[in-house]
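The values are calculated or read from the model by the stated rules, or taken from the named source; none is laboratory data. Predicted, not measured: the structure shown is a model, and the values here were computed from it. Ideal geometry is used to build each Cβ from the backbone, glycine not excepted, and the neighbour counts take in all protein chains shown.
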Ligand code: PLP
């Protein structure tokens with residue numbers, strides 16, 4: 001996947017997990033150097049000379065004189081994420097929402113309409129309808145998932161914001177086809193690939209301009225760090241970097257360190273998560289007490305083969321509607337032992353949640369999008385899949 005130049009015409013390719021362990025910049029140093037990096041907590045650095053400040057005027061790269069402008073742990077993480085996304089440059093910030101809002105402001109600096117797939121993470125639509133509107137941004141949600149509806153939403157828009165796969169219905173669009181249509185219209189494409197991770201989908205290879213992540217989820221992988229990623233072309237990421245410097249959503253060094261540690265096992269975890277989720281989805285889809293399972297490998301999922309083609313797997317999230325309405329779903333959730341009732345996803349542990357209680361949607365909007373009140377969202381983790389299935393089977397007896 002990653003191309004490595006060893007010199008003298010010797011070029012090789014490395015796989016994802018090798019790049020996850022070895023990608024990015026190695027700490028330079030004389031003699032023996034540590035294999036892993038320590039956490040640099042300093043907020044300020046000594047200047048070598050009063051004239052040194054002149055060198056920093058007009059700089060567009062991180063520089064280590066004050067933590068909001070640069071930190072070795074954050075820079076190291078940025079290099080590793082850029083390598084995994086195949087991006088010229090990455091910027092890491094304090095949360096996934098900081099990444100999404102800065103990315104949108106960077107691709108549409110003068111404001112304008114942002115076309116979106118029919119449903120996106122609730123805070124993104126809240127931003128575009130509220131704070132973002134004060135900066136001239138507006139939300140234009142497509143009325144359907146097919147190309148024609150996305151093209152309709154893109155008319156006159158500055159940017160297109162996609163979340164792949166979508167949460168909690170796991171809808172996926174044909175990214176390459178949508179990106180081609182966006183390009184001819186001069187619309188910049190931002191893909192929040194939190195649910196996919198670069199292991200399952202590398203959006204920049206399919207025509208996206210910018211990819212964002214909530215690193216709080218799979219990239220860190222252990223539900224103990226919060227961060228966000230913006231990766232893409234140099235000019236856009238530099239624009240986001242300038243915004244981050246003045247708006248201040250800095251990523252803390254210890255969180256950067258934890259996320260980078262998590263990234264080293266991303267390929268291992270995602271292989272397991274993909275396989276576990278596929279087995280769990282197939283089990284639930286065949287269960288008499290389950291009305292519907294929204295997961296791309298389950299028959300009847302509305303995604304097309306073209307839209308599914310670029311994915312290695314679809315990650316751990318799925319929407320499940322048990323029979324017996326909301327009360328049945330609550331009984332099911334109360335009986336689960338391994339799936340903790342908690343928001344978020346992407347940690348090694350399995351979680352469950354009611355998406356209807358979290359979505360910023362009316363009941364009519366939810367039902368049009370296929371998110372009934374009785375839907376539960378499973379975030380399947382890395383446990384032994386037979387144990388997860390046993391837990392689900394036992395809980396379904398209560399429905
Ligand atoms: N994007 C997606 C797809 C998410 O699921 C989330 C959080 O759940 C976010 C962005 C926001 O991330 P954070 O909570 O790190 O700000």
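Side notes on the structure shown:
- Checking residue 224 against (1) surrounded by 21 or more Cβ atoms within 10 Å (Cβ to Cβ); (2) within 16 Å of the ligand (Cβ to nearest atom), the condition it does not meet: (1)
- Contact map, the stretch 61-86: first residue at positive phi and touching a residue at least 24 places away in the same chain (Cβ under 8 Å), second residue assigned to a loop (DSSP other than H, G, I, E, B) and surrounded by fewer than 21 Cβ atoms within 10 Å (Cβ to Cβ), Cβ cut-off under 8 Å, separation 6 or more or different chains; pairs are 86/1.
- Residue match in the stretch 10-23 (condition: more than 29 Å from the chain's Cα centre (by Cα) and loosely packed, with under 11 Cβ neighbours inside 10 Å): yes
- Within the stretch 322-349, being within 22 Å of residue 122 (Cα to Cα) and either in a loop (DSSP other than H, G, I, E, B) or touching a helix residue (DSSP H, G or I) at 6+ places or on another chain (Cβ under 7 Å) (or both) holds for 341, 342, 343, 344, 345, 346, 347.
- Every condition in (1) in contact with a strand residue (DSSP E or B) (Cβ under 8 Å, 6 or more places away or on another chain); (2) more than 15 Å from residue 164 (Cα to Cα) is met by residue 204 except one, and the failing one is (2).
- Hey, residue 82 assigned to a loop (DSSP other than H, G, I, E, B), more than 16 Å from the ligand (Cβ to nearest atom) and modelled with pLDDT of 95 or more or not: no
For (1) within 16 Å of the ligand (Cβ to nearest atom); (2) modelled with pLDDT under 95; (3) under 21 Å from residue 203 (Cβ atoms), each residue gets a yes or a no:
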| residue | (1), (2), (3) |
| --- | --- |
| 90 | yes, no, yes |
| 94 | yes, no, no |
| 104 | yes, no, yes |
| 111 | no, no, no |
| 121 | yes, yes, yes |
| 128 | yes, no, yes |
| 140 | no, no, yes |
| 147 | no, no, yes |
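Table: residues versus (1) under 23 Å from residue 16 (Cα atoms); (2) without any contact (Cβ under 8 Å) to a residue 40 or more places away in the chain.
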| site | (1), (2) |
| --- | --- |
| 274 | yes, no |
| 277 | yes, no |
| 283 | no, no |
| 290 | no, no |
| 323 | no, no |
| 331 | no, no |
| 336 | no, no |
| 343 | no, yes |
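- A single entry from 187, 178, 173 fulfils the requirement of being more than 10 Å from the ligand (Cβ to nearest atom) and touching a strand residue (DSSP E or B) at 6+ places or on another chain (Cβ under 6 Å): 187.
- Wholly enclosed strands (runs of 3 or more DSSP E) of the stretch 118-226 bearing at least 3 residues free of Cβ contacts under 8 Å to residues at least 40 places away in the same chain: 137-141
- Cβ-Cβ distances below 6 Å connect the following pairs, each with a first residue in the stretch 29-53 that is in a strand (DSSP E or B), a second residue that is at pLDDT 85 or above, and a separation of six or more residues or different chains: 44/66.
- Candidates in the stretch 329-346 are the residues that are buried (at least 22 other Cβ atoms within 10 Å of the Cβ) and within 12 Å of the ligand (Cβ to nearest atom); of these, the one that is farthest from residue 265 (Cα to Cα) is 345.
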